Amino acid sequence: MRFESLKAEHLPLMAEIEAEAFDEPWTVGMFEPELEDKNAYYLVGVSDSEVICYGGFHKVLDEGQIANIAVRADMRGRGYGKTLMLKLLELARREGIKRITLEVKDTNERAVKLYKSLGFTVEGIRKRYYANRYDALVMWLTIGED
């Protein structure tokens with residue numbers, strides 16, 4: 001698998017992965033503005049022209065907000081999510097980001113475990129954030145020097 005910057009050709013397969021991974025998935029149209037946003041940074045894991053995983057963050061001054069991260073359902077549990085996160089964190093550091101945050105559904109135990117293993121800590125909870133039903137854990141990680 002190789003990692004590429006986000007391209008328009010990735011969007012249809014990303015939208016398919018979104019639909020299988022999330023209750024309120026992004027559509028191709030929702031991803032399109034990310035292609036032109038100079039503060040949006042995305043990596044797409046590709047193998048034989050198939051999108052395996054993708055993730056991205058937005059840069060706001062010296063902080064980052066992870067917007068999306070997903071692994072194709074049939075490829076989960078193989079370490080792709082962790083590899084992707086490490087690549088995203090490396091990119092964020094290169095871009096001068098000192099702290100990065102994300103929200104994750106409190107019932108997504110696999111993702112919470114992954115983020116904690118990377119050093120993220122729960123700093124807050126957004127009640128009924130997902131589908132007005134599930135809470136979101138707000139997690140932060142310091143990745144750079146002040």
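The values are calculated or read from the model by the stated rules, or taken from the named source; none is laboratory data. Computed from a predicted structure; not experimentally measured. FYI the Cβ positions are ideal-geometry reconstructions off the backbone, even for glycines, and counts take in every protein chain you see. All accessible areas refer to the heavy atoms of the entire protein, side chains included, with ligands and DNA or RNA removed. Shrake-Rupley method; radii C 1.70, N 1.55, O 1.52, S 1.80 Å.
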Pairs returned, first residue in the range 63-76 that is at pLDDT 95 or above and among the hydrophobic types (A, V, I, L, M, F, W, C), second residue that is open to solvent by less than 30 Å² (accessible area, probe 1.4 Å) and part of a helix (DSSP H, G or I), beta-carbon separation under 6 angstrom, 6 or more apart or interchain, are A70/I17; V71/G81
Does the range 97-112 contain any residue that is within 19 Å of A15 (Cα to Cα) and open to solvent by less than 30 Å² (accessible area, probe 1.4 Å)? yes
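Residues checked against (1) within 14 Å of the chain's Cα centre (by Cα); (2) closer than 23 Å to L6 by Cβ; (3) at pLDDT 95 or above:
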residue	(1), (2), (3)
A92	yes, yes, yes
K98	no, no, yes
E109	no, no, no
Y130	no, no, no
R133	no, no, no
Against the condition on the phi < 0 side of the Ramachandran plot, open to solvent by 10 Å² or more (accessible area, probe 1.4 Å) and hydrophobic (A, V, I, L, M, F, W, C), how does L141 come out, does it pass? yes
Of the residues in the range 4-28, those that are part of a helix (DSSP H, G or I), among the acidic types (D, E) and open to solvent by 50 Å² or more (accessible area, probe 1.4 Å) come to E9, E16, E20
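How many residues does the range 84-126 hold that are in a loop (DSSP other than H, G, I, E, B) and among the β-branched types (V, I, T)?
Of all residues in the range 84-126, those in a loop (DSSP other than H, G, I, E, B) come to 95-98, 106-108, 118-120.
Those still in the list that are among the β-branched types (V, I, T) too: 97, 107.
Within the range 84-126, residues that are in a loop (DSSP other than H, G, I, E, B) and among the β-branched types (V, I, T) number 2.
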Condition met for V46 (farther than 26 Å from R99 by Cβ and crowded, with 20+ Cβ neighbours inside 10 Å): no
Could you tell me whether the range 69-86 includes any residue that is among the polar types (S, T, N, Q), open to solvent by 30 Å² or more (accessible area, probe 1.4 Å) and farther than 25 Å from R133 by Cβ? yes
